[in-house]
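Trainee: Before I ask anything, let me first share the structure, which is written out below as structure tokens.
The values are calculated or read from the model by the stated rules, or taken from the named source; none is laboratory data. Owing to the predicted nature of the structure, the values given are computational and were not obtained by experimental measurement. Cβ sites come from the backbone with ideal geometry, for glycine too, and all protein chains shown count toward neighbours.
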């Protein structure tokens, strides 16, 4: 049996490891765009702040792939899929045949049209290295601007704060995470940023960059700001064209059943790119976090070896911005909720939003209210209604 | 039954909760969103980030799986002789 995995992140590598456990003689190949063995993207901020050395971000060593007899092909992008003749063509000009294929390519960062030295993205280890180099080179002349209102923006704010770099944040929405948060929760985050000395400009879009080869400033709809490092966190945008061309059904990601199968036989998907039927919340979800990617990498293996298993997980993601804890659990899309209950207030320093659909809880956003996490997770799993939840 | 020492580094823990999902009898998040170590769902000497556990081989394997799932490698596991089982050094 030949298993081909496109994507060397946590979803793909976990799947490779599980496949090897289940089938000692199978051929297992991973195609990875990056040049590194598996590392933890979640550890990158720890590395950048000097809390762990660079070598600690690696979760696998080169020797591990050899020991496991897993072929890791690095620096190669999949460019073409032939689902009938069952092969993937790589950017290296090679054709990679498969019996079962896993698409676990994650997402590409959405980028600006312009580029200057000083523009920073935050997805890979190379991005982290580049950011550190900019900070080191610029010293106390560094001026930080963050463009975005989500998880990556929070990481940049914390990093600039850590390095003592003056920080301006601009985002297009009226507050952070406009797709999930109501205005009161957004206000709590804005208040935390203001208290922390961050200059915040809401409802503001980036228009252009200034500087010759090095970034000197930005022009926005609200005015011009000086900037030597611009941290861009405006979402991810997976490359789906090669899959669409092959007849794979795509939406914002790769469409998949609850068993993580695509519409093309013997082609499966897992991780950030999977837009899967979630049996717990009864809706198609696409989730970009570590827990989801790792768990899907494990579950999809069962479906790939013929033990069809549905993916069942209430996944969550936690971050903090300037010490304010923020946790997302389950399905937190405002547009898909029928009711959103709010507990707490800006004055209390903590707000929880509970998302309901069809009379039961499907998600929660907890800001400064960590202890709501366990009961909300349980309520989602057990399909309880808000009235049975007791949060005070 | 194997005896292991399980330790969470609260400086590294970010409350991703992968460990809680895989081994809820051993890990639960506290109000600071960091994982306390439990002994089969109990806390005999109160809250702690570190404890000795007597576990079956299956439980040990599952706790190591939970440690492997941690995106910040904040969980350390040692055997009775003090050898670090995870992360592999």
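Trainee: Tally up the residues in the range B:44-71 that are within 22 Å of residue A:318 (Cβ to Cβ) and without any contact (Cβ under 8 Å) to a residue 24 or more places away in the chain, please.
Mentor: 3
Matching residues to (1) farther than 30 Å from residue A:197 by Cα; (2) touching a strand residue (DSSP E or B) at 6+ places or on another chain (Cβ under 9 Å):
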{"position": "A:286", "(1), (2)": "yes, yes"}
{"position": "A:290", "(1), (2)": "yes, yes"}
{"position": "A:299", "(1), (2)": "yes, no"}
{"position": "A:304", "(1), (2)": "yes, yes"}
{"position": "A:307", "(1), (2)": "yes, no"}
{"position": "A:322", "(1), (2)": "no, no"}
{"position": "A:325", "(1), (2)": "no, yes"}
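Trainee: Quick one: is residue A:331 surrounded by 18 or more Cβ atoms within 10 Å (Cβ to Cβ) and assigned by TED's automatic domain parsing to the domain that holds residue A:44?
Mentor: No, not satisfied.
Trainee: Report, by residue number, each residue of the range A:91-114 that is part of a strand (DSSP E or B) and surrounded by 15 or more Cβ atoms within 10 Å (Cβ to Cβ).
Mentor: A:96, A:100, A:101, A:102, A:103, A:109
Trainee: How many residues does the range A:173-196 contain that are touching a residue at least 24 places away in the same chain (Cβ under 8 Å) and within 22 Å of residue A:335 (Cβ to Cβ)?
Mentor: Number satisfying all stated conditions: 15.
Trainee: Going by what's in this entry, would residue A:81 be described as in contact with a helix residue (DSSP H, G or I) (Cβ under 8 Å, 6 or more places away or on another chain), more than 13 Å from every other protein chain (Cβ to nearest Cβ), within 24 Å of residue A:129 (Cα to Cα) and assigned to a strand (DSSP E or B)?
Mentor: Spelling it out, it is not the case that residue A:81 is in contact with a helix residue (DSSP H, G or I) (Cβ under 8 Å, 6 or more places away or on another chain), more than 13 Å from every other protein chain (Cβ to nearest Cβ), within 24 Å of residue A:129 (Cα to Cα) and assigned to a strand (DSSP E or B).
For every residue, the table says whether it meets (1) in contact with a strand residue (DSSP E or B) (Cβ under 8 Å, 6 or more places away or on another chain); (2) within 11 Å of another protein chain (Cβ to nearest Cβ); (3) part of a strand (DSSP E or B); (4) buried (at least 21 other Cβ atoms within 10 Å of the Cβ).
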position: A:4; (1), (2), (3), (4): yes, no, yes, yes
position: A:12; (1), (2), (3), (4): yes, no, no, yes
position: A:24; (1), (2), (3), (4): no, no, no, no
position: A:28; (1), (2), (3), (4): yes, no, yes, yes
position: A:35; (1), (2), (3), (4): yes, no, no, no
position: A:43; (1), (2), (3), (4): no, yes, no, yes
position: A:56; (1), (2), (3), (4): no, yes, no, no
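Trainee: Now, a different point. What are the pairs, 6+ residues apart or on separate chains, where a residue within the range A:59-76 that is away from chain B (no Cβ under 14 Å) and loosely packed, with under 13 Cβ neighbours inside 10 Å has its Cβ under 9 Å from a residue that is at pLDDT 95 or above and part of a helix (DSSP H, G or I)?
Mentor: What qualifies is A:69/A:20.
Trainee: Hey, residue A:303 hits all of (1) under 23 Å from residue A:42 (Cα atoms); (2) not in a strand (DSSP E or B) but one; which does it fall short on?
Mentor: (1)
Trainee: Just one of A:244, A:308 is assigned to a helix (DSSP H, G or I), surrounded by fewer than 18 Cβ atoms within 10 Å (Cβ to Cβ) and more than 14 Å from chain B (Cβ to nearest Cβ); which is it?
Mentor: A:244
Trainee: Only one residue in A:271, A:231 is within 14 Å of chain B (Cβ to nearest Cβ), in contact with a helix residue (DSSP H, G or I) (Cβ under 8 Å, 6 or more places away or on another chain), surrounded by 21 or more Cβ atoms within 10 Å (Cβ to Cβ) and not in a helix (DSSP H, G or I), so which one is that?
Mentor: A:271
Trainee: Name the residue, out of A:277, A:266, that is in contact (Cβ under 8 Å) with a residue 12 or more places away in the chain and closer than 23 Å to residue A:98 by Cβ.
Mentor: Just a single option satisfies the conditions, and that option is A:266.
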